[in-house]
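Here's the structure, in structure tokens; my notes come after.
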2 protein chains.
Amino acid sequence: MLSKLKTLLIGTPLPTIELAEKRLNKIRALAAFSPDALSSIAYANQEIYLGLVVAGSAGLSLAWPIGLAITGLLVIVAISYYQTIQGYPSGGGSYVVARKNLGTLPGLITAAALLIGYLLTAAVSLTAGVEAIASAIPSLWPYRVEIALFLLAVIAIANLRGLRESGTLMAVPVYLFLFTYLPMLAYGLVRLLIDGVTPLETIAPAPVTGVTLFLILHTFSAGCTALTGIEAISNGVPAFRPPEAKNAGRTIQVMAALMAILFVGSIGLTQYLGVTAEAQETILSAMARRLLGDGPFYLLIQITTMLILAVAANTSFAGFPRLAAILARDGFIPRQLSNLGDRLVFANGIILLAVATGGLIILFGGDSHLLIPLFAVGVFLAFTLSQAGMVRHWWRERQPGWQLKAVLNGLGALATGTTVLIIGISKFVEGAWITVVIIPVLVFGFLQISAHYRSVSHQLSLHGLPPDIKPSPPLRVVLPISGVHRGMVEAVNFARSISSDVTAVYIELEPGGAEHVRQQWQRLWPDVNLVVLPSPYRSIIRPLLEYLDQTDREHHDGRLAAVVLPEFVPARWWQALLHNQTTWMLKTALLYRRRNLGYQRVIIDMPFHLKD
Amino acid sequence: MLSKLKTLLIGTPLPTIELAEKRLNKIRALAAFSPDALSSIAYANQEIYLGLVVAGSAGLSLAWPIGLAITGLLVIVAISYYQTIQGYPSGGGSYVVARKNLGTLPGLITAAALLIGYLLTAAVSLTAGVEAIASAIPSLWPYRVEIALFLLAVIAIANLRGLRESGTLMAVPVYLFLFTYLPMLAYGLVRLLIDGVTPLETIAPAPVTGVTLFLILHTFSAGCTALTGIEAISNGVPAFRPPEAKNAGRTIQVMAALMAILFVGSIGLTQYLGVTAEAQETILSAMARRLLGDGPFYLLIQITTMLILAVAANTSFAGFPRLAAILARDGFIPRQLSNLGDRLVFANGIILLAVATGGLIILFGGDSHLLIPLFAVGVFLAFTLSQAGMVRHWWRERQPGWQLKAVLNGLGALATGTTVLIIGISKFVEGAWITVVIIPVLVFGFLQISAHYRSVSHQLSLHGLPPDIKPSPPLRVVLPISGVHRGMVEAVNFARSISSDVTAVYIELEPGGAEHVRQQWQRLWPDVNLVVLPSPYRSIIRPLLEYLDQTDREHHDGRLAAVVLPEFVPARWWQALLHNQTTWMLKTALLYRRRNLGYQRVIIDMPFHLKD
């Protein structure tokens, strides 16, 4: 039944041979790699507005300069990643670049930052998308968590089915977004030229606080989330049609230009048109409502915003499992994360991301504003380490003109590194500390896991082992019995067929209870030794383990001890609840017991299938 | 670590030999068996008040007559149970009486009703107890669920440690209750004689509805919860000092008299003193406050009420596990419920009751009034069947004077049976339907489980089985391998030591991946056959199971097939998360696969213990 449900949701398994990449032209590639980057304006603008509005009109008048500063940073970072594309046309990705050039530890820090970044992209995009639609339909506002979880489930299932981020379906929201937002901004500019600037003093709420340096840095760092997603193209260069690096380079230029236009345009219009938002509305929604009224155009803008944010969340479902699979192959996280699922996707990574995202959405009540402080630290840390890695890369290669390239990437590293510090300090109390704590914890975990895998691989090595063809010495067999009944017969026969040294063991729970068992046993198998162990504390497992340890010590002759366990298998699953799980507990106890004593014990399970 | 926590909470295991009953004198026996019965007035009065207050003063003036009618019923039921004690001095209990005299089905219906009754006694007593204390300390009112769950946890842990309901600790609240309530009622009577009757018209809230027959029946049936617990003594006759039946008979007389005085006294005083209660206070609390003011005496009364209700909930923790153990021994519910835990208590029954009670408290928001409709149906159904069983008992024995005894029990059955109908109909919509639905479901479950156990016992019977000493035919051994490594060596040696027919099987996940494995295998074990199975869908388990089925069909020669599974055992528990659980899944699949084909398969587990 479970397996049918799985097939219904996920689809039938696909053979491994269907695993192949389609190459993308620039139009499709832009749609595939840009949703996260373009949609960032939805929450970045909101953060800048919320950061400044507490200082009234004096605060809000800083939106434009802060927006320009962030756009400057955007240009620097875009140039840096343009260079990464040229340096790693095979699709580096920040983890690969940092690990190769800076070493394992910086690589792992980058990986931890990226994993957190993917997780928060999914959580922030989904909550911001739901906020966009709930701004237009206020009755949805109280159900933001539920709606976000529903969207999350749809995206997770679609990805488990094997949805490709390169599909046409994914391209529609991206171009719909561009072809509604850009005309709206142009229309807004025309209105601004006709109507003139609305002075902020007339519309801004009374200031709660003054303009301080902290307020400015705080707002700047929150607004830096506008840059998230800009690195996506550099991870996916091999997906472009040849010449890959050149096409990818052109695409990142176009994308960065669009990001800058959308970001600066919307910030500027908001400020100079004098737009403010209510508590249950986003500032982008308020701006669209101001320009387009409450009609269908406004609704289209909000739906489009939600759709591109959902697609942005979807890009995390491509990036996170892929990075997790690379880390798993490198032995830093559990290997299961590199398993290809039925539909040729990294199913475990998708499920892990979905569960973590859902947890974050519930924990933070579906409020994107509360999630943002966790977000930017990780992203900018990965930027910094990746750019620093590129500087090292150019220095190592030292091809003609390397100095300029190194300087450009160095500028990127410096700018993003400074931003990390600003974000880390100004947002520390609000949640950045969570990321600051989790990254070292993750890296420590990566290293522990890696040490374990290396130790196992060493223990399993055949190095120095001669071909060993000596047969094992004769077996001692111990056969724990729960009574004398038909389920015993095959077990006794089997035990005697593999060894001449068989001992049955009966645990006596009530004083005198063993007499009847002993008589029946004598009648059926007079030549098999029966040992009765009293158990004054009614435990079955403890006396048996103690008996096995004791006989192992007595027979320290290198002979293997095998334990034959007769086990009832009920016909229906619920019937398992009607039987003591003694055999199962005994198997588990035997498997994990005394791994240091060096006794090798074989556990032999004799299923006895019950009918009905 | 888990085991240490268990020892801390529950204590160290006790040997079976300490299992013995202490005999109780009448003073202690009253304390042990009466808390549930005596404390019933706390919620019964509340129900009568809530049932009548909606009809204003005209309604409230019916409290006294309804109280008298319920007291009449109390006398009839007490006489019936007095006779049960005489008829079953070995401690019948309603289930035993009904099953012996009326047959299995009525017995099981009684058992289901009793189990539900115990569960609801715990839930209602705890919530009513918390309401008593929250009436005195209103700031606790919003936290009733949390407080009730905390008390529940304390009671459950105490019972898992092996608390006896006969302990001195349990007797204190009972006698404290009697020695505070009886004087308070006497004082109230004196005040009533001095001050005279307060007319209800002056104090009752305006009627919302008129007095109807339905209102009266509805209130009567809710008030019948005053009788719950009256049967407890009849279950515990063997715990009395000899002459057991005589002492138990005297005790039930005293208990019934106390119940009647407390019930009628508090109902009468409430009505004639003209007491009404606020929404967040119980009527008993309002009466105590009226008589004693807000001072320490009032607080003592409320604390005492809570304590006796907690002790009443505790009696469920004695009765439920004991009845469950009897049903488990009779094979009607899972056998694990008859296991004696470390501390010589039926630990599984205690845990089951605690979880179910906690669930009810949360589900009904800690409101005793909402739980009451579920409560009385079950209790009175058990009363009825038990009394009907007694009629049959006397008729069967037909000793001198049996007619009178049969008539008395018949009267009990008739009165309680009528009450069941009244409760079932008047409270149906409010929740009695839940009990009406659950009782048949439980009985159906009992019968299914019983059928399963009988079928198993039949299948395990040695009847007709000749002593079978023929050794099994030679084994075929299949050895699934994940690669060639050191963990394989012992497994191959063992397989060859028990059989000359060993086949290693390798599942090839990626086309061409097997070549390297085959070469290594050839080098180490050239004389052991290696089969490579391609797996285009990347499943390991399915191709292996299909191979096993196919070879079983080919070799349909009665030979056993054994599967030897090398299994890594990590040194630390968390490391298990770092390895594919393939061996575990394979073991499970082999255990449950194709039970109808009749192939017997032996599953042999070769643990390979990893260091660190």
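Subtracting the Cα-Cα distance of B:K100 and B:D367 from 0.36 nm times their residue separation leaves 92.4 nm of extension gain. If R0 is 41 Å, the Cβ-Cβ spacing of B:V254 and B:I157 corresponds to a FRET efficiency of close to 0.80. Sorting A:242-249, A:294-301 by average packing, meaning the other beta carbons within 10 Å per residue, from highest down gives A:242-249, A:294-301. Return the Rg/Rh value of chain B, two decimal places, where both radii are evaluated on C-alpha atoms and Rh is the Kirkwood radius. Using Cα coordinates only, the ratio equals 1.14.
Amide H contacts for B:L533 (H built 1.01 Å from N in the peptide plane; partners 5 or more residues away or on another chain; cut-off under 5 Å): B:Y506, B:I507, B:E508. Pull out a ≥ b ≥ c, the square roots of the eigenvalues of the alpha-carbon gyration tensor of the range B:194-273, then state rounded if a/c is under 1.5, prolate if not and a/b is larger than b/c, and oblate in the remaining case. Oblate, because a/c is 1.5 or more while a/b does not exceed b/c.
Descending by average beta-carbon neighbour count within 10 Å, the peptides B:102-115, B:372-385, A:407-420 line up as B:372-385, B:102-115, A:407-420, the highest first.
Placing +1 on the Cβ of every Lys and Arg and -1 on the Cβ of every Asp and Glu, with no other charges, gives the protein assembly as shown a dipole of roughly 2360 debye about its Cα centre.
Distant-in-sequence amide contacts of A:L560, defined by a placed amide H-H separation under 5 Å and a gap of 5 or more residues or a different chain, comprise A:R476. Inter-copy label distances at B:V154, using a point 7 Å along Cα-to-Cβ, come to 5.1 nm with the shortest given first. Each Cα pair under 8 Å and six or more residues apart adds its sequence gap; the mean of these over the residue count of the range A:147-290 is a relative contact order of 32 percent. Expressed as a whole percent, the proportion of Cα-Cα pairs in the range B:376-495 lying more than 22 Å apart is 69%. Counts of other chain beta carbons within 10 angstrom of each beta carbon in peptide A:562-569 average 2. Inter-copy label distances at B:P199, using a point 7 Å along Cα-to-Cβ, come to 7.5 nm with the shortest given first. In terms of its C-alpha gyration tensor, the range A:60-137 has an oblate overall shape, because the principal axis ratio a/c (a ≥ b ≥ c, square roots of the eigenvalues) is not below 1.5 and a/b does not outweigh b/c. Projecting 7 Å from Cα along the Cα-to-Cβ direction, the label point of B:K6 sits 3.1 nm from its equivalents in the other copies, listed shortest first. Each Lys and Arg contributes +1 and each Asp and Glu -1, all at the Cβ; summed about the Cα centre of chain B, the dipole is approximately 1500 debye. In order along the range A:266-276, the Karplus-derived 3J(HN,Hα) couplings, from 6.51 cos²θ - 1.76 cosθ + 1.60 at θ = phi - 60°, round to 6, 4, x, 4, 4, 5, 7, 7, x, 8, 10 Hz, and Gly and Pro are given as x.
Between A:V569 and A:F608, A:H609, A:L610, the built amide H atoms are under 5 Å apart, and every one of these is 5 or more places off in sequence or on another chain.
Scaled against the 2.2 N^0.38 Å expected of a compact globular protein of N residues, the Cα radius of gyration of the range A:143-226 reads 1.72. Max-minus-min Cα coordinates of the range A:246-342 on each principal axis give 54, 35, 22 Å, with the largest extent listed first.
For the segment A:257-269, counting C-beta atoms of other chains within 10 Å of every residue's C-beta and taking the mean gives 0.
Take the Cα of A:R335, go 7 Å toward its beta carbon, and the backbone nitrogen atoms of the range B:494-510 under 18 Å from that spot belong to B:505-510. Along the axis of the charge dipole computed for the range B:329-404 (Cβ charges of +1 for Lys and Arg, -1 for Asp and Glu, origin at the Cα centre), the listed residues B:L371, B:V391, B:I350 are led at the positive end by B:V391. With Cα atoms as the point set, the range A:415-566 shows a radius of gyration and Dmax of 28.2, 88 Å. In terms of surrounding Cβ atoms within a 10 Å radius of their Cβ, A:D501, B:D36 rank from fewest to most as A:D501, B:D36. Applying 1/(1 + (r/R0)^6) with r as the Cβ-Cβ distance of B:Y175 and A:Q520 and R0 = 51 angstrom yields a FRET efficiency of 0.40.
Counting neighbouring beta carbons within 10 Å and listing from fewest to most, the residues A:V531, A:V77 come out as A:V531, A:V77. Neighbouring Cβ atoms from other chains, within 10 Å of the Cβ of residues in B:571-579, number 5 on average. The Cα atoms of the protein assembly as shown give a gyration tensor whose axes a ≥ b ≥ c have a/c of 1.5 or more with a/b no greater than b/c, which makes the shape oblate. Residues B:D549, B:D527 in ascending order of nearby Cβ atoms (within 10 Å, fewest first): B:D527, B:D549. Rounded to whole numbers, the Karplus 3J(HN,Hα) couplings from phi for the range B:327-338 are 4, 5, 5, 6, x, 9, 9, x, 4, 4, 6, 9 Hz, using 6.51 cos²θ - 1.76 cosθ + 1.60 with θ = phi - 60°, and x at Gly and Pro.
Using +1 on the beta carbon of Lys and Arg, -1 on that of Asp and Glu, and nothing else charged, what's the dipole of the range B:285-372 about the Cα centre, debye to 20? All intermediate terms of the calculation are to be shown ahead of the outcome.
Details: 6 positive and 4 negative charges, 31 e Å.
Magnitude of the dipole: close to 140 debye.
Values quoted throughout were computed directly from the atomic coordinates according to the rules given, and no laboratory measurement underlies them. Quantities reported herein were computed from a predicted structural model and do not represent experimental measurements. Cβ atoms come from the backbone with ideal geometry, glycine included; neighbour counts cover every protein chain shown.
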